[in-house]
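Asker: Encoded as structure tokens, here's the structure I'll be asking about.
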Amino acid sequence: MHQSANFQHSPVRRLPMPEFIAMLAFLFATIAFSIDAMLPALPEIATALTPDNVNRAQLILTVFVAGMGIGTLFAGPISDAIGRKRAITIGFIIYSCAAFAALFANSIEFLLVARFIQGLGAAGPRIVGLALVRDLYEGRAMARITSIVMMVFIIVPALAPAIGAGMIRLAGWHGVFIGFLAFALIGATWLNLRQAETLAPARRRPLQITPLKEAAREVLSNRHVMMCTLILTLGFGQMFALLSSAQQLFGEAYGKGANFPYWFAGMALLSGSGTVLNAIFVLRFGMRRIARWAYIMQTCVSSIMLLLVLTGVLPEWLEFPAFFIWAVSVFFMAGVTFGNLNALALQTMGHIAGTAASLVAAISTVLATLIAAPVGLLYNGTAVPVICATLICSGLAWFMMRYLTD
């Protein structure tokens, strides 16, 4: 497998590849767990904290993502200055403190603030983990590694709602945050005991205004990087919109609330085949071609689904299976696009990987919440709002992919 020059000339001690992938998967899975494990808690939180406007409970997901998006502005540059391991550990500490505070939340406002701060801390493992990979790999090799990582950790978000539901039965909705604390403790311990620092002191960039401005200017003025970032925004936006409405759609629109964790697990596991296929074929077909065809597929599938829902031609017994297949396709699309687009964006940014990863993730995540939050609040008892959002986002992403090259 092709490795970057930085790694070839570095004294970094390598973890065995299976453990390296598993550790990265766990770091990234902490973020997915922080979102997906909250889904079964939303009805109880809505009843307890915001009974007059139950749709506000969806903001618990979007404020976490918004906090993570803003946190990424700082996590990458900090890691470029102090090293990857220390930056990830600081992120876990912030994440854990906020999760602990949320255990005592007695108002929706307090909980939203805690979730926002938790998102700020989550930016550490999410973004610096990506920079860590970029320290060692680049291009299609990096895309393949990130795809394998996603394939490994897909089990965690698939099981997250079921785990969250179990914690709720034992300790109420506050109990979900105990799981977040456990994830943070395991991830931080594993990283610090087993992973060697990948950014040598000689390659670090001082945390000063001038170097940061120069690095930011280089990223923001790069047309290729910005195009990848905007396409990622559209991809994240449609996925977050579906996530924020998932509990209500499965429970209220299709009457599957009691078994929601199991339906969600099945959806996540089926869509995980996207990461498997990408890991297999990315070296042969390239990142851009695979991502482009994924958005073409999603545009077509969402067009058909919207037509079926609006015309009402489906018999009642087929309405939920059609929705379930469509939802799987949305997450499948994420599996074959996000790793490729991140690798494309960072392909020429190895010398400022932390800052570049931060800016790409911050812009795409924050802008994605501006897509997802209104879609979630527009929920009207049907899947029409989220299907429309997905169709528009995928169509625009397909159009913009023509301007990218591998």
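Asker: Sort through ARG144, ARG126 and tell me the only one that's over 30 Å from ALA46 (Cα atoms) and either open to solvent by 10 Å² or more (accessible area, probe 1.4 Å) or in contact with a Cys (Cβ under 9 Å, 6 or more places away or on another chain) (or both).
Answerer: It is ARG144.
Asker: For segment 15-91, please list each of the helices (runs of 4 or more DSSP H) lying entirely inside it that holds at least 2 residues being among the polar types (S, T, N, Q).
Answerer: Those helices (runs of 4 or more DSSP H) span 17-36, 59-82.
Asker: Exactly one of these conditions fails for GLU197: (1) part of a helix (DSSP H, G or I); (2) open to solvent by less than 60 Å² (accessible area, probe 1.4 Å). Give me its number.
Answerer: Only one criterion is unmet by GLU197, namely (1).
Asker: Yes or no: ALA291 farther than 27 Å from VAL63 by Cβ, at pLDDT 95 or above and either over 19 Å from the mean Cα position of the chain (by Cα) or open to solvent by less than 60 Å² (accessible area, probe 1.4 Å) (or both)?
Answerer: no
A quick yes/no check of all residues on (1) in contact (Cβ under 8 Å) with a residue 40 or more places away in the chain; (2) among the hydrophobic types (A, V, I, L, M, F, W, C):
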residue: LEU283; (1), (2): yes, yes
residue: CYS300; (1), (2): no, yes
residue: GLU319; (1), (2): yes, no
residue: ILE325; (1), (2): no, yes
residue: ASN340; (1), (2): yes, no
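Asker: Just to be sure I understand, how many residues within segment 200-230 are under 30 Å from PRO16 (Cβ atoms) and open to solvent by less than 50 Å² (accessible area, probe 1.4 Å)?
Answerer: The number of residues fulfilling the criteria is 1.
Every residue, every condition in (1) within 17 Å of the chain's Cα centre (by Cα); (2) modelled with pLDDT of 85 or more, yes or no:
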| position | (1), (2) |
| --- | --- |
| ILE231 | yes, yes |
| GLY237 | yes, yes |
| PHE250 | no, yes |
| ALA253 | no, yes |
| GLY274 | yes, no |
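A quick yes/no check of all residues on (1) at pLDDT below 90; (2) within 21 Å of PHE183 (Cβ to Cβ):
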residue: ILE31; (1), (2): yes, yes
residue: ILE35; (1), (2): yes, yes
residue: LEU39; (1), (2): yes, yes
residue: LEU42; (1), (2): yes, yes
residue: ARG56; (1), (2): yes, no
residue: THR62; (1), (2): yes, yes
residue: ALA66; (1), (2): yes, yes
residue: PRO77; (1), (2): yes, no
residue: ARG84; (1), (2): no, yes
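Asker: Within the set of pairs 6+ apart or on separate chains, which have a first residue in segment 243-271 that is among the aromatic types (Phe, Trp, Tyr), a second that is assigned to a loop (DSSP other than H, G, I, E, B), and C-beta atoms under 6 Å apart?
Answerer: That search, which allows pairs on different chains as well, returns PHE250/LYS256; TRP263/LYS256.
Asker: Can you find a residue that is more than 17 Å from ARG292 (Cβ to Cβ) and of a type in the set (Phe, Trp, Tyr) anywhere in segment 366-379?
Answerer: Yes, because at least one residue in segment 366-379 is more than 17 Å from ARG292 (Cβ to Cβ) and of a type in the set (Phe, Trp, Tyr).
The values are calculated or read from the model by the stated rules, or taken from the named source; none is laboratory data. Because the structure is a prediction, the values reported are computed rather than measured. Neighbour counts run over all protein chains shown; Cβ positions are idealised from the backbone, glycine included. For the accessible areas, the whole protein counts, side chains as well, though only heavy atoms, and no ligand, DNA or RNA atoms are used. Shrake-Rupley method; radii C 1.70, N 1.55, O 1.52, S 1.80 Å.
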